[in-house]
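To keep things clear, I will list the structure first and then write my remarks on it.
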Amino acid sequence: MLSEEVKSLYLENNRVRGVIFNNCGMKLGSKVVMNGSMVEIIKLSANGKNNINLIDETISNLNPSLSAFTVYLGLNAETKLEEKHNRNVWIIQDYDLDKMYERMCEGDMVHQNNYVVGYFRDIKYGKLNNNASLFINAPFMDKEYWERSSNDLAEDLIDKASKVLKNFRNNISLRIVSSPLDILKYTSNYKGAIYGWDSSCKCFNNYKIIRKLLSVEGLYISSHWALRGFGVPSVMNLGKLTAEAIIRDN
């Protein structure tokens, strides 16, 4: 079921009665938990069709959060870095957040000085595996932009990571790049956003309108799009609150 594409929700009298799939018909159920993009949830909800103009207007006034550009790296098995344990290193060299955000939205990625280096070691089939990931927030740009910029940005991140982990670049055996377009493709999150809505006052004010428009009995929205804030702890807590709400409503 996880790989099946959802066509719409089946509603009766503003209550969930099931989910309609494109390839395997309808599955009945009195409770549905949706954790995808809020925009996709609105499209799937029959309730949204009754308020389509207001919903479209509300969404047009909202901005999604930034997306992400990630470089996944496989390192040679014999790589001998100083790191002995898994860790994430957050490199923050620029605290002018407004200026940094503005540059990101404009697509000026190479001059960003804030990024994350993740280094991981594990043992599979009796062999030591070293791998790393380099992460930076990124805007949602078109295919032409990422075809033109991905390689330079990946090389720039590798250069920066080499300053944190010695003997790093010379031991790279595999490189896979993920752009915001990949996040959109594999997660369907609106404009590849990784934090849901942008954390601005405008989004916070319109958040209540969307929640009211999607008020359907038996429908539970549990994702970063349902939060007025972001981060793993917030999403984990929302999952807990969703489970408690389902138990309470039984």
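Brief remarks follow.
- Pairs with Cβ under 7 Å, 6+ apart, first in the stretch 168-192 and within 12 Å of Leu66 (Cα to Cα) and hydroxyl-bearing (Ser, Thr, Tyr), second buried (at least 17 other Cβ atoms within 10 Å of the Cβ) and at pLDDT 90 or above: Ser179/Phe69; Ser179/Trp146; Ser179/Ser150
- Test: residue in the stretch 78-86 that is out of contact with any Pro (no Cβ under 8 Å at 6 or more places or on another chain), at pLDDT 80 or above and assigned to a loop (DSSP other than H, G, I, E, B): no
The values are calculated or read from the model by the stated rules, or taken from the named source; none is laboratory data. As the structure is a computational prediction, the values presented were derived from the model and not from experiment. With ideal geometry, Cβ positions are generated from the backbone for all residues, glycine too; neighbour counts draw on all protein chains shown.
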